[in-house]
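Here's the structure we're looking at; comments come further down.
Each reported figure results from applying straightforward, stated rules to the coordinates on display, with no laboratory input. The shown structure was predicted, so the numbers you read here are calculated from the model rather than taken from an experiment. Cβ placement follows ideal geometry from the backbone for every residue including glycine, while neighbour counts extend to all protein chains displayed.
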Amino acid sequence: MISNEQEFDAVATGVSMVGVMVEIDGAKGFIDQTKHPSWWSPDVESPQVGDVLHVVVLDDSRTPPRLSALEVDIEIARRVRGEEL
């Protein structure tokens, strides 16, 4: 079960100009292009099919759930979960 603020390693299964479809243990998820570091830095390569991305769940009510690969979102989720940074 995928739920908000959880972290996963996800495998990219499809890449488009709007984002990346991923799979997490058989479940699907979506990373909007602005929620991947390559959108913000020319030094980060765009994701490719087969890449493993560390992600956090932003919105589990969407189909597919919306995810982020941004470190800032991962850190926020850790704070929400009460983990030390």
Report, by residue number, each residue of the stretch 32-81 that is under 15 Å from THR13 (Cβ atoms), touching a strand residue (DSSP E or B) at 6+ places or on another chain (Cβ under 6 Å) and not β-branched (Val, Ile, Thr).
-> PRO47, ASP51, LEU53, PRO64, PRO65, LEU67, ALA69
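Yes or no, residue by residue, for (1) among the basic types (Lys, Arg); (2) within 10 Å of the chain's Cα centre (by Cα):
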{"site": "ASP25", "(1), (2)": "no, no"}
{"site": "ILE31", "(1), (2)": "no, yes"}
{"site": "HIS36", "(1), (2)": "no, yes"}
{"site": "SER41", "(1), (2)": "no, no"}
{"site": "SER46", "(1), (2)": "no, no"}
{"site": "LEU53", "(1), (2)": "no, yes"}
{"site": "ARG66", "(1), (2)": "yes, yes"}
Residues located in the stretch 1-49, provided they are surrounded by fewer than 16 Cβ atoms within 10 Å (Cβ to Cβ), touching a residue at least 24 places away in the same chain (Cβ under 8 Å) and touching a helix residue (DSSP H, G or I) at 6+ places or on another chain (Cβ under 6 Å) | SER46
When only residues in the stretch 50-84 that are of a type in the set (Val, Ile, Thr) and within 19 Å of SER16 (Cβ to Cβ) count, which is surrounded by the fewest Cβ atoms within 10 Å (Cβ to Cβ)?
-> THR63
